[in-house]
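Asker: Let me begin by handing over the structure; questions about it come next.
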Amino acid sequence: MPQLAGQVVIITGASSGIGEATARRLARAGARVVLSARRQDRLDALARELDPAGAAVLAVAGDVTSEADRRRLVDATLAKFGRIDGLVNNAGYGTRGPVEIVPVDAIRRNFETNVFSLVALTQLVLPTMRAQGGGCVVNIGSVAGRIARPLSSVYDSTKHALEALTDGLRGELRPFGVRVTLIRPGYIVTEFVQAADAASDGILANAGPYEPFLAGFRVGYQKLRRVAGVPDDIACCVERALVSDNPAPRYNAPFHAKIFLLLKWLLPDRLFAHIVRLRK
Ligand SMILES: NC(=O)c1ccc[n+]([C@@H]2O[C@H](COP(=O)([O-])OP(=O)(O)OC[C@H]3O[C@@H](n4cnc5c(N)ncnc54)[C@H](OP(=O)(O)O)[C@@H]3O)[C@@H](O)[C@H]2O)c1
């Protein structure tokens, strides 16, 4: 079973929420962590807190959608630590709005961050993992990768894409000793909602005939807060995957995520939509 102590793990989206909690958990367990996100001040503060001496934590600020920044992240990791044992593809955000009115450019941007950049960074890391004879790629998907909701289908479809990508990659990389897993968080209290508001407010301000339905969507989110998890619920799954010889193909957390996914699996589509009020 791989030990976490000493592993070199790149975490994207480490400036807040699930990525930050993952960095804390892995650093506590003795991993050498490489933090990446756009907000350099946050990364630097976290790096100083986790490792004041700077020996085991590296912060490399950058935009995951920039090819140059992705390259810099991988080069800096190899220059400092000489290897890459884990890649946690966590950076992501959501775009809300009815498909009819979300500009295609906004949809492209969401796919660029959540899907294409994840693929491109993974492509950069894999030659190193194969050469080492192993490694672990952890993709942060979502319950929304199985359950698409009205007014959220842009984001939800990015997470659906990760389901297929992760499954295909897992089989391709098995012969090289590289393990691949998908984590499906349910609702976790992070800055996700604020980031989604920032990405979507302009779109929702002109929702026209869809206006009356927006309030219902917000109420749905507020109701979910009662069962929401904390970022460490997901960090815990990342740790389990990184220390396993044979990680589960998927980890679902917290508890409400397991229930939603079980119902989705068990029930016919229309009954499921009726029960969870997806109004399909
Ligand atoms: N919270 C939930 O309920 C939930 C549920 C299911 C799945 N997820 C997934 O979990 C992941 C983490 O989200 P979170 O909940 O922790 O939200 P969050 O607090 O908003 O964190 C998102 C992270 O992604 C980074 N990021 C966004 N765009 C980026 C870009 N272009 N380049 C580099 N970094 C970027 C942000 O950093 P900067 O802004 O500093 O760049 C931030 O560190 C996402 O993939 C999300 O889809 C979340």
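Asker: List the residue pairs whose Cβ atoms are under 8 Å apart, where the first residue sits in the stretch 241-253 and is under 18 Å from Val230 (Cβ atoms), the second is among the hydroxyl-bearing types (Ser, Thr, Tyr), and the two are 6 or more positions apart or on different chains.
Answerer: Partner pairs satisfying both residue conditions: Tyr251/Thr181.
Asker: On to the next question. Please work out which one of (1) more than 16 Å from the ligand (Cβ to nearest atom); (2) closer than 28 Å to Asp233 by Cβ; (3) among the β-branched types (Val, Ile, Thr) is the condition Thr77 fails and give its number.
Answerer: Just one mismatch for Thr77, condition (1).
Asker: Check off (1) farther than 27 Å from Thr22 by Cβ; (2) among the small types (Gly, Ala, Ser); (3) touching a strand residue (DSSP E or B) at 6+ places or on another chain (Cβ under 6 Å) for Ala207 and give me the number that stays unchecked.
Answerer: The failed condition is (3).
Asker: Suppose we filter Ala21, Ala68 for residues that are without any contact (Cβ under 8 Å) to a residue 12 or more places away in the chain and out of contact with any strand residue (DSSP E or B) (no Cβ under 6 Å at 6 or more places or on another chain); which single one remains?
Answerer: On inspection, the qualifying residue turns out to be Ala68.
Asker: Another question about this same structure. Anything in the stretch 206-244 that is acidic (Asp, Glu) and touching a Pro at 6+ places or on another chain (Cβ under 7 Å)? List them, or say none.
Answerer: Asp233 - this is the single residue of the stretch 206-244 that is acidic (Asp, Glu) and touching a Pro at 6+ places or on another chain (Cβ under 7 Å).
Asker: Name the residue that is nearest to the ligand (Cβ to nearest atom), counting only residues in the stretch 151-173 that are among the polar types (S, T, N, Q) and more than 16 Å from the chain's Cα centre (by Cα).
Answerer: For the stretch 151-173, the residue satisfying everything is Ser152.
Asker: In the stretch 7-96, which strands (runs of 3 or more DSSP E) lie fully inside it and hold 2 or more residues that are β-branched (Val, Ile, Thr), crowded, with 23+ Cβ neighbours inside 10 Å and within 17 Å of the chain's Cα centre (by Cα)?
Answerer: 8-12, 32-36
Asker: Against the conditions (1) surrounded by 23 or more Cβ atoms within 10 Å (Cβ to Cβ); (2) aliphatic (A, V, I, L, M); (3) within 14 Å of the ligand (Cβ to nearest atom), where does Val180 fall short? Just the number, please.
Answerer: Unmet condition: (3).
Asker: Filter the stretch 149-205 for residues that are in a loop (DSSP other than H, G, I, E, B) and not polar (S, T, N, Q) and give the result.
Answerer: Arg149, Pro150, Leu151, Gly177, Gly186, Tyr187, Val189, Glu191, Ala205
Asker: For residues that are assigned to a loop (DSSP other than H, G, I, E, B) and more than 12 Å from the ligand (Cβ to nearest atom), scanning just the stretch 133-148, find the one that is nearest to Tyr210 (Cα to Cα).
Answerer: The extreme case among them is Ala148.
Asker: Still on this model: Within the stretch 105-115, how many residues are more than 11 Å from the ligand (Cβ to nearest atom) and either within 26 Å of Ala215 (Cβ to Cβ) or in contact (Cβ under 8 Å) with a residue 12 or more places away in the chain (or both)?
Answerer: So the count comes out to 3.
Asker: Follow-up. Can you tell me which residue within the stretch 102-152, out of those that are within 22 Å of Thr22 (Cβ to Cβ) and hydroxyl-bearing (Ser, Thr, Tyr), is surrounded by the most Cβ atoms within 10 Å (Cβ to Cβ)?
Answerer: Ser142
Asker: Same structure again: For the structure I just gave you, tell me whether Asp201 is free of Cβ contacts under 8 Å to residues at least 40 places away in the same chain, within 16 Å of the ligand (Cβ to nearest atom) and surrounded by fewer than 16 Cβ atoms within 10 Å (Cβ to Cβ).
Answerer: yes
The numbers here are math on the coordinates, done by the rules we state, and not lab data. Predicted, not measured: the structure shown is a model, and the values here were computed from it. Cβ atoms come from the backbone with ideal geometry, glycine included; neighbour counts cover every protein chain shown.
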